[in-house]
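A quick write-up on the structure given underneath.
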Amino acid sequence: MNPYHEPSDLELDAEIARAQHRGKTMQPLYARELHYHEYEDAFFLRLFSGVTVTVPRMLIPRFSSLSTTELRMAHLTPGGSAIVVNDAVDYSVPGILRIISGIAEQRRIAGSIRSEKKTAAVRENGRKGGRPRKTPA
């Protein structure tokens, strides 16, 4: 049995339309300009939305061990969705914004909260054979 399903032209067109919509939705969170300021040890980002953000390098987990030379070579991916250093280390601009705003930590904490209602739902799903499989759209 071959699990691969060759998408039809209609399915491909629908996926392309969804991807274009996601791109338009995310673009305000992408950067159009990036500079590394050595004196401040921080990145300056100008987003497509017009917002400017200065991010201390130490707040970006994978960038804390990079040299100043490597940081000066940092550049944006086409479209501004990520910062790339030496074509090996990168971090998404929306991901950086989530980290510095505290949203990532808030989501992590919210997902780990246990309630009686959650526990009951998990037990009930377990009795039914686990989480239901997602059906293809």
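I'd like the full set of residues that are surrounded by 10 or more Cβ atoms within 10 Å (Cβ to Cβ) and in a helix (DSSP H, G or I), limited to region 23-54. Steps first, answer last, please.
Going residue by residue through region 23-54, those that are surrounded by 10 or more Cβ atoms within 10 Å (Cβ to Cβ) are 23, 26-38, 40-49, 51-54.
Within region 23-54, Gly23, Met26, Gln27, Pro28, Leu29 meet the criteria.
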(request) Test Leu34 against the criterion of being under 18 Å from Arg98 (Cα atoms) and touching a residue at least 60 places away in the same chain (Cβ under 8 Å), and give yes or no. (result) no
(message) Quick check on my filter: what residues within region 62-79 are touching a Phe, Trp or Tyr at 6+ places or on another chain (Cβ under 8 Å) and either of a type outside the set (A, V, I, L, M, F, W, C) or part of a loop (DSSP other than H, G, I, E, B) (or both)?
(response) Arg62, Arg72, Ala74, Gly79
(request) Tell me, yes or no, whether region 1-12 has at least one residue that is part of a loop (DSSP other than H, G, I, E, B) and among the aliphatic types (A, V, I, L, M). (result) yes
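Every number here is computed from the coordinates shown, using simple stated rules; none is lab data. Note that this is a predicted model, so its numbers are computed, not measured. We place every Cβ from the backbone using ideal geometry, glycine too, and count neighbours over all the protein chains shown.
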